[in-house]
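The values are calculated or read from the model by the stated rules, or taken from the named source; none is laboratory data. Treat the numbers as computed from the prediction; the structure is a model and nothing was measured. Cβ placement follows ideal geometry from the backbone for every residue including glycine, while neighbour counts extend to all protein chains displayed. Ligands, DNA and RNA are stripped out before the accessible areas are found, and what is left, the full protein with its side chains, is counted by its heavy atoms. Shrake-Rupley method; radii C 1.70, N 1.55, O 1.52, S 1.80 Å.
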Number of protein chains: 4
Amino acid sequence: MIKNLNKFKKICHKINLQLSKSNLQFQTFGNVSQRIDSKHFIIKPSGANLDKISCKNYPIVRITNNKVVQGNLKPSSDTPTHSEIYKMDENINGITHAHSKYVAIWSQSQKKIPILGTTHADYWKNDIPITKKLTKKEITNNYEKNIGISIARVFTKKSKLKESPGVLVVNHGGFCWGKSAEESFLNFQRLEFIAELGYKTLIINKQTKMSKSLVRKHFYRKHGSKAYYGQK
Amino acid sequence: MIKNLNKFKKICHKINLQLSKSNLQFQTFGNVSQRIDSKHFIIKPSGANLDKISCKNYPIVRITNNKVVQGNLKPSSDTPTHSEIYKMDENINGITHAHSKYVAIWSQSQKKIPILGTTHADYWKNDIPITKKLTKKEITNNYEKNIGISIARVFTKKSKLKESPGVLVVNHGGFCWGKSAEESFLNFQRLEFIAELGYKTLIINKQTKMSKSLVRKHFYRKHGSKAYYGQK
Amino acid sequence: MIKNLNKFKKICHKINLQLSKSNLQFQTFGNVSQRIDSKHFIIKPSGANLDKISCKNYPIVRITNNKVVQGNLKPSSDTPTHSEIYKMDENINGITHAHSKYVAIWSQSQKKIPILGTTHADYWKNDIPITKKLTKKEITNNYEKNIGISIARVFTKKSKLKESPGVLVVNHGGFCWGKSAEESFLNFQRLEFIAELGYKTLIINKQTKMSKSLVRKHFYRKHGSKAYYGQK
Amino acid sequence: MIKNLNKFKKICHKINLQLSKSNLQFQTFGNVSQRIDSKHFIIKPSGANLDKISCKNYPIVRITNNKVVQGNLKPSSDTPTHSEIYKMDENINGITHAHSKYVAIWSQSQKKIPILGTTHADYWKNDIPITKKLTKKEITNNYEKNIGISIARVFTKKSKLKESPGVLVVNHGGFCWGKSAEESFLNFQRLEFIAELGYKTLIINKQTKMSKSLVRKHFYRKHGSKAYYGQK
């Protein structure tokens, strides 16, 4: 028996609803999942109208093999990508996927987002990475799982994962994560905002550079043991 | 006696209202029609304030000659364009026309929208086509009918129609279709969203290309007998 | 005694409120006036919070000398510009002035808006004109009146006025007019929309051109004795 | 005992709430302070959810040493920057800081905002200045105080301060001030609006120039003893 299952289901539904009503989501594109223990997570049903379903309908998925262990609705078609992301680190407890405008635009442009300002440095310590293109074979078989593997390839060093709560998937959109579904959603809002600032900054100044010390100052003002932003 | 006439009138009014309150419509520009049988469709009255009319006022038009067979309000001036689109395929049961921002911008720029990302490939299997310019004679006589004919010229192969639920009309705006008025409206929202993504992607990367296998993967994930997106 | 004075005051207040809540207005910038007879008009009080005043407070201004003949609030500082516009044609019965985004951007860029699409041709038969820069002397003395005179210089031929319900004022913003305050407001919404479409079209295609016959078709579909758009 | 303390706390909370619900603020970024006497000001608590706190919780800070003299919540991490701004001029009674889109974009682009139109000249008499980059040492120690010092360096001449109610901080965002928290917020809205107009104007016309006499006319129409905009 999984602990706090109902609580997790409510949270997962709540953040999916929040995403669906935010500027990040277009029509039914996008999904949020919430890890419930080391081996399982809850995820939005595929192509569902969230106003018509209850959190009880959410499928529970086993990370190792993407099987639905509870729930009668089909999970999001992006489920195997979520599984690969959960495998990257046991501290990832929530994932948000969306095709928001500037995230999709950078993804389609096949470029990483350069670090140009303090708003970016508050959350990502480097350029925001983008996955490599999949091969024809990777697209044809196990497509969604291979997207997840291409994300994991970006973060082969664990340290990199600590400095990057999200990634662009080439030609597609973005994935963000966090210690809860809610944090992954907040990180996605940040990703979209940073993506728009970076896009528009480069249009008027292609030479702009930011000093490493300013990046470090902002990143560690909000992260790690010496963070001093916010209430204790 | 036409079957389900009142139901169709309610649907047509509902989707016209939805369009008028969406970001796709500016002032009274734009209109939606709903086919009611093989020979007729219902369409928004010309320049009407939708909050003041009832669905009973919607005119019914005969496809072959654009005559109003029921209803006392003048149909949209774009009516003959709708007729030509309905003639293209008996499975087209609803049409949405609008001048939304990025659709109008691409139309004014006289360019098709190149396929640059998976959001595009989810609905259009190729670049989104644009009609050829009309001749002076085609503009002067039967202008709106000739727009429809210029659309039909884009889809002389039936197979192309299955891979493209809408088109740009040069210098003007767009038309989308579907198996109902509602689906044509959803397709128009997709067209506008894809148009904005494509526009902004090209501004930062003019060389971007998408692999054919990725296009096929996304298109057939949502269309045809092997689609696996959404609930059964 | 002026006929229908209260009715006109209510209309003028209503359209000023509509402007202030629309995307066209920023803070208290912008104003609407309504002609009440051949010699007078009502106009928004200068820098007023419209939610706190009644339509009774609106000042009535004499066109010939800009004197307030009724009302205890100071009229908009742009009042002398309105007067010059009313002098251009007795059929101008309402005027809207705003610094909406794309109107201000074109004005600041010191360029007329080229005619690039049918949405433009539905309302303006040519490029949307921009006033010439004022001389230092014209700026120092009677500035607002001289803006009005610079607008009138654009329309020395009466025929041009029939084909252009508004103008850009260089470095500043726009003025639109119509047969009522409401129509001038609708024309301003059109100006802003056309300004945005034109701006974004030119960014992706600087060579785009529209045929004269298509312009004429659209303009006369909505204007003049052969118009066939809308209900009778 | 500080005079009107409760009144000031209410105002400060009100304007912080207004900022948080405006288009200027993203998530919890941004803060407003209100001077309460020559030596102290009230400021938003760091990273606080404003809907959950009362104005009583706002910390009171001493300008000379940034110590909290009342209140149990940590003040905004930007507090030392506010202190340096209050030191510039005793007539500065309110400060708003935000990372709104176009303000952040100009800051990231490391450029001042050129004066291109009357909307700009209504509030800033010259280009909107940007601070110089901090040295590595200035970033590492007393970072937020050094930002304030870099702002003060822009305004070493008192006259310049009268002609500029705000500034860009390189790579970061903006600060605006005024005779009250509310005025500083209104000035920030103006900064964002002007930043957007300037950005988009330069994209279509890099050569645009505005005459000095037009700048002076607009600035002094709203400021100084000869201002004639608004009600007396």
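General remarks:
- Cα centre as origin, Lys/Arg/Asp/Glu Cβ charges: chain D dipole, Debye: 520 debye
- Where the Cα pairs of segment D:42-125 fall when distances are cut into 10 Å bins, in %: 14, 35, 31, 18, 2
- Using alpha carbons only: equivalent-ellipsoid semi-axes of segment C:134-210, gyration tensor based, whole Å: 25, 18, 13
- Close amide-amide hydrogen proximity is noted between D:ILE113 and D:ILE128, each under 5 Å apart and 5 or more residues distant or on a separate chain (H modeled in the peptide plane; Pro and chain starts excluded).
- Distance from the alpha carbon centroid of segment C:1-77 to that of segment C:190-221 works out to 33 angstrom.
- Using the Cβ of D:TYR86 as centre and a radius below 13 Å, the other residues enclosed give a net charge of +1, where K and R count +1 and D and E count -1.
- The H on the amide N of C:GLY178, modeled in the peptide plane, is under 5 Å from the matching H of C:ASN93, C:GLY94, C:SER184, each at least 5 residues off or on a different chain.
- Cβ neighbours within 10 Å from other chains - mean over B:130-138: 2
- Overall shape of segment C:188-227 was characterised from the C-alpha gyration tensor. The equivalent ellipsoid obtained from it has semi-axes of 24, 15, 4 Å, in decreasing order.
- Coordinate range of the alpha-carbon atoms in segment A:39-183 per principal axis, descending: 45, 35, 29 Å.
- Note on D:LEU73: accessible area is roughly 40 Å² with a 1.4 Å probe, heavy atoms of protein only.
- Expressed in Å, the radius of gyration and Dmax of the Cα atoms of the protein assembly as shown are 29.5, 86.
- Peptide A:28-35 has a mean shielding of 1, counted as Cβ atoms of other protein chains within 10 Å of each residue's Cβ.
- For chain B, built as a Gaussian network whose Cα springs stay under 10 Å, the top-fluctuating residue of B:THR201, B:THR79, B:THR119: B:THR201
- Averaging Cα coordinates gives a centre for segment A:120-155 and one for segment B:87-144; these two points are 34 Å apart.
- Take the Cα of A:LEU17, step 7 Å toward its Cβ, do the same at D:GLN27, and the gap between the two points is 2.3 nm.
- Nearest 10 degrees, 0 to 90: helix B:5-21 Cα axis against chain B principal axis: 50 degrees
- Positive-end residue, segment C:5-220 charge dipole about Cα centroid, Cβ charges, pick of C:HIS13, C:THR96, C:TRP124: C:TRP124
- Shielding value for B:107-115 is 5, the average number of Cβ atoms from other chains within 10 Å of each residue's Cβ.
- For chain C, built as a Gaussian network whose Cα springs stay under 10 Å, the top-fluctuating residue of C:ASN93, C:ASN72, C:ASN205: C:ASN205
- Residues with amide H under 5 Å from that of B:PHE29, placed H, sequence gap 5 or more: none
- Using alpha-carbon coordinates, inclination of helix C:143-154 to the longest axis of chain C, degrees: 40 degrees
- Exposure check, 1.4 Å probe, all protein chains in place: C:TRP106 carries approximately 0 Å² of accessible surface.
- On Cα atoms only, tilt of B:212-222 relative to the major axis of chain B in degrees: 40 degrees
- Measuring from each Cβ of chain D to the axis carrying D onto B, the nearest residue and its distance in whole Å come out as D:ILE203, 5.
- Per DSSP, loop GluC sites (Glu not before Pro) in segment C:102-211 with at most 16 further Cβ within 10 Å: C:GLU163
- Annotation for B:LYS206, label-to-label distances across the other copies: 1.0, 1.1, 1.5 nm (shortest first, one decimal, point 7 Å from Cα along Cα→Cβ).
- Expected 222 nm ellipticity per residue - DSSP helices of 4 or more, -39500 (n - 2.57), all of chain B, to 500: -12500 deg cm²/dmol
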